[in-house]
Amino acid sequence: MNPHPGDDEGVPGTVYVLHFEPAYRHARHYVGWTAGTVADRLATHLQGAGSPLIRAAVAAGVTVSVARSMSGTRALERRLKRWHKTSQFCPTCRDARAGRAR
């Protein structure tokens with residue numbers, strides 16, 4: 001894949017998964033990437049200066065929390081977004097499934 005100028009392709013950073021409780025419409029998760037800290041990026045999102053999805057979820061009263069973070073590039077972020085199965089690697093969802101199975 002050819003990187004787009006300014007895309008941060010190949011730049012090491014952190015890929016993070018945000019969990020929505022309750023789900024906002026169709027969305028229970030958001031996958032993002034940051035070259036900074038996840039805490040700083042989450043604060044930016046919660047202030048409304050990030051993803052429109054997160055902005056709308058917060059406005060609707062949804063609780064947004066960091067469920068997982070891992071070292072990675074924008075390429076990993078895009079791969080996880082295309083996968084559409086975020087709940088399989090979200091610890092919050094995994095714990096909820098384990099609780100229902102008992």
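Readers should treat all values here as calculations from the given coordinates under stated rules, not as data from a laboratory. Bear in mind the structure is a predicted one, so any value in this text is a computation, not a measurement. Quick reminder, even Gly has a Cβ in these numbers, built from the backbone with ideal geometry, and neighbours come from all protein chains shown.
Structure notes:
- Distant-in-sequence amide H partners of residue 72 (H built 1.01 Å from N, under 5 Å): 13, 14, 15
- Estimated FRET transfer efficiency when R0 is 30 angstrom, pair residue 100-residue 59 (beta carbons, to 0.05): 0.55
- Taken about its Cα centre, the range 14-102 carries a charge dipole of roughly 440 debye when the Cβ of each Lys and Arg holds +1 and the Cβ of each Asp and Glu holds -1.
- Here the label points at residue 70 and residue 87, each 7 Å from Cα along the C-beta direction, are separated by 1.9 nm in the simple model.
- Compactness of the chain was expressed as the Cα radius of gyration divided by 2.2 N^0.38 Å, which yields 1.11.
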